[in-house]
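Engineer: Below: one structure in structure tokens.
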């Protein structure tokens, strides 16, 4: 199956020099997110009060999965900045990492919500009035 020249022109326009501003934006926001998640993980692990709460471990897991996801976006930004029709290797690698890490990153809020629902629904009812 042969692709048309329009497809290659679109890929070049998106991943070529015209999208370098977008790559810089993705890289900057991704690096900020990675640094803030590292800060949160260090803060949680260094405080004994925060480590005692079991629900915080779900947040640490979310933070670690977000770190991996946004690190893959840093690779994605590099791929967009340097990619071209002849150099699509980093685009495919970055796309694979973004898809793999997104499932972990987006799955954690559902696990946290399920845990909190379970804690609320299993509270013993007092035999009041």
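Engineer: Expected output is a single nm value to one decimal: the length gained when fully extending between residue 93 and residue 120, i.e. 0.36 nm times separation in residues minus the C-alpha distance. What is it?
Structural biologist: Using 0.36 nm per residue and subtracting the Cα-Cα distance, I get 5.5 nm.
Engineer: Another one. Just order 101-109, 49-57, 69-77 by mean Cβ neighbour count inside 10 Å, highest at the front, would you?
Structural biologist: Packing proxy ranking, top to bottom: 69-77, 101-109, 49-57.
Engineer: Report the calculated FRET efficiency for residue 54 and residue 22 (r = Cβ-Cβ distance, R0 = 30 Å), to the nearest 0.05.
Structural biologist: Calculated transfer efficiency: 0.15.
Each reported figure results from applying straightforward, stated rules to the coordinates on display, with no laboratory input. Being a predicted model, the structure only gives us computed values, none of them experimental. Virtual Cβ from ideal backbone geometry, glycine too; neighbours counted across all protein chains shown.
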